[in-house]
Amino acid sequence: MASSDLEIKAKEAFIDDHFELAVDLYTQAIALNPNHAELYADRAQANLKLDNFTGAVADASRAIELDPSLSKAYFRKGTACIKLEEYQTAKAALETGASLAPGDSRFTNLIKECDQRIEEEAGDIPIHSSEKTTPGNVVPMEVVQPFNELSDQVIVASAKPKYRHEYYQKPEEVVVTIFAKGIPAESVSVEFGEQILSVSISVPGEDAYHFQPRLFGKIIPSKCRYDVLSTKVEIRLAKAESILWKSLEFSKENTVPQKVNASVTGSQRPTYPSSKPKRVDWDKLEAEVKKEFIVDGLKDNITLF
């Protein structure tokens, strides 16, 4: 079946509220015509209906990459980012879309919503850059979480993906590694949102790989970076706050962040829990036992007297 026929069937499925079928049909159409921006933009809309907001962001971003003049792709990206509480990213996308479709009031309404949400967040969350630094909240750059803690937090995807991924963290950043060997740098696309990581690896002749988690905590997109190496893709996420991420991905169960307590002053070095058994001072223990024995004996003599 031709890509255009699949696209028509996908649109019909969407109209009939068969959103999962629409996504599947759009995916088939994209496999046949991977550079058609409209297909990604329309699949983004179907993903929005399924509440797959990270997938919608990835699709809309790909559509924008293929056709920067496609206003509906910006609208769908902005809509999905609002659902993910990514208001700065949403506003940027919506403002660009509004410039391409000046008569569309939907952009204006959503931009106002973003401004309101951003203002609310600014009132609730203290601006850390203006806080006075004290020894109690200093997090030195060189301090790394102990290995026994990190090993419990390495995340590997539950369903077997095309590429395995895992992560570890420092007080100031999270490092995500995707084990993809021999991938050309031009085949890798990575985007950073306020709380979104979007990774796509598209190698000609192979199924595309997509990894779009909503992250446990917020990041600073401008400070994030990635490197495509011979055996892996290494992604460094700059934390917005020095908190301990309980997992890589956001979930309702893991919503209470923990401050990283890693203050070091002078020559003091951080101490970590050790698995080594504590040394027992047997001489001291024997002396204490003898002392208790003598005291108990004296008490008995006093009682008899």
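Scan the range 181-235 residue by residue and report those that are β-branched (Val, Ile, Thr) and surrounded by 13 or more Cβ atoms within 10 Å (Cβ to Cβ).
Within the range 181-235, ILE183, VAL188, VAL190, ILE196, VAL199, ILE201, VAL203, ILE219, ILE220, VAL228, VAL233, ILE235 meet the criteria.
Residues are listed down the side, and each one gets a yes or a no for (1) modelled with pLDDT of 95 or more; (2) in a helix (DSSP H, G or I); (3) under 18 Å from VAL190 (Cβ atoms):
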position: ASP17; (1), (2), (3): no, no, no
position: ASP42; (1), (2), (3): yes, yes, no
position: ASP51; (1), (2), (3): no, no, no
position: GLY55; (1), (2), (3): no, yes, yes
position: ASP59; (1), (2), (3): no, yes, yes
position: ALA63; (1), (2), (3): no, yes, yes
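Can you spot a residue in the range 2-21 that is closer than 21 Å to VAL199 by Cα and either crowded, with 16+ Cβ neighbours inside 10 Å or out of contact with any Gly (no Cβ under 9 Å at 6 or more places or on another chain) (or both)?
There is no residue in the range 2-21 that is closer than 21 Å to VAL199 by Cα and either crowded, with 16+ Cβ neighbours inside 10 Å or out of contact with any Gly (no Cβ under 9 Å at 6 or more places or on another chain) (or both).
Based on this model, can you work out whether LYS77 counts as under 16 Å from PRO221 (Cβ atoms), among the basic types (Lys, Arg) and in a helix (DSSP H, G or I)?
yes
Look at ASN47 and say whether it is under 21 Å from the mean Cα position of the chain (by Cα) and polar (S, T, N, Q).
When the stated conditions are applied, ASN47 passes them.
Taking only pairs six or more apart or across chains, which ones have beta-carbon atoms under 8 Å, a first residue in the range 48-63 that is at positive phi, and a second residue that is open to solvent by 40 Å² or more (accessible area, probe 1.4 Å)?
From residues that are at positive phi, the pairs are ASP51/LYS83.
Only residues in the range 72-83 that are in contact (Cβ under 8 Å) with a residue 12 or more places away in the chain count as the first member; pair them with residues that are β-branched (Val, Ile, Thr) and in a helix (DSSP H, G or I), Cβ under 6 angstrom, at least 6 apart or cross-chain, and list the lot.
Matching pairs, first to second residue: ALA73/ILE64; TYR74/THR96; LYS77/VAL57; ALA80/VAL57; CYS81/THR89.
May I ask you to list pairs of residues, at least six apart or on different chains, whose Cβ atoms are under 7 Å apart, with the first in the range 14-41 being in contact (Cβ under 8 Å) with a residue 24 or more places away in the chain and the second being assigned to a loop (DSSP other than H, G, I, E, B) and open to solvent by less than 80 Å² (accessible area, probe 1.4 Å)?
These pairs meet every condition: PHE19/LEU50; GLU20/LEU50; VAL23/LEU50; ALA37/ASP67; ALA37/LEU70; LEU39/ASN33; ALA41/LEU70.
In the range 167-205, what residues are in a loop (DSSP other than H, G, I, E, B) and more than 26 Å from GLU85 (Cα to Cα)?
ALA180, LYS181, GLY182, ILE183, PRO184, SER202, VAL203, PRO204, GLY205
Among the residues that make up the range 45-66, is at least one of them more than 29 Å from SER251 (Cα to Cα), open to solvent by less than 50 Å² (accessible area, probe 1.4 Å) and of a type outside the set (Phe, Trp, Tyr)?
The answer is no, given that none of the residues of the range 45-66 is more than 29 Å from SER251 (Cα to Cα), open to solvent by less than 50 Å² (accessible area, probe 1.4 Å) and of a type outside the set (Phe, Trp, Tyr).
The values are calculated or read from the model by the stated rules, or taken from the named source; none is laboratory data. What you are looking at is a predicted structure, and each value in this text was computed from that prediction instead of being measured. Every residue, glycine as well, gets a Cβ built from its backbone with ideal geometry; the counts of neighbours run over all protein chains shown. Areas reflect the complete protein model, heavy atoms only, side chains present, ligands, DNA and RNA absent. Shrake-Rupley method; radii C 1.70, N 1.55, O 1.52, S 1.80 Å.
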